[in-house]
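Below is one structure, written out as structure tokens; comments come after it.
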Amino acid sequence: QVQLVESGGDLVQAGGSLRLSCAASGSNSVINSMDWYRRPPGKQRELVATITSGGSTNYADSVKGRFTISRDNAKKTVYLQMNSLTPEDTAVYLCSAIIGVRWYWGQGTQVTVSS
């Protein structure tokens, strides 16, 4: 059974940093793109960052210059380094990945930024 498990969410003060991780398990299929989404309280889910199997990245305008997505293919893990956090970054952060030909989602990790 394929699983994506996120970790690293926490309560942090504005201006602080967090590093999220998402590890995939349960499959030997190729992991294609890996993404981070977030769902702010009372709002729709939004794409934060994506990274292809070759390492190409793309970011939402709201996080450019503050967040960095990376991946370790050997560990089947994607990371999200978040710097200069603001209260507007408060959300449940979810990772997703295309593994083989299917799209999988993690359960999410809560990030709360206090002012």
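The values are calculated or read from the model by the stated rules, or taken from the named source; none is laboratory data. Note that this is a predicted model, so its numbers are computed, not measured. Positions of Cβ are generated from backbone atoms using ideal geometry, with glycine treated the same way; all protein chains shown enter the neighbour counts. These accessible areas exclude ligands, DNA and RNA; they are computed on the full protein's heavy atoms, side chains included. Shrake-Rupley method; radii C 1.70, N 1.55, O 1.52, S 1.80 Å.
Observations on the structure shown:
- Among (1) open to solvent by 70 Å² or more (accessible area, probe 1.4 Å); (2) farther than 20 Å from Gly108 by Cα; (3) touching a residue at least 12 places away in the same chain (Cβ under 8 Å) - the single one Ala14 does not satisfy: (1)
- Ser27 falls short on exactly one of the conditions (1) touching a Phe, Trp or Tyr at 6+ places or on another chain (Cβ under 9 Å); (2) outside any strand (DSSP E or B); (3) closer than 17 Å to Val111 by Cβ, and that condition is (3).
- Here Gly8 fulfils each of the conditions (1) at negative phi; (2) touching a Leu at 6+ places or on another chain (Cβ under 6 Å) apart from (1).
- Residues located in region 35-50, provided they are under 17 Å from Thr112 (Cβ atoms) and among the hydrophobic types (A, V, I, L, M, F, W, C): Trp36, Val48
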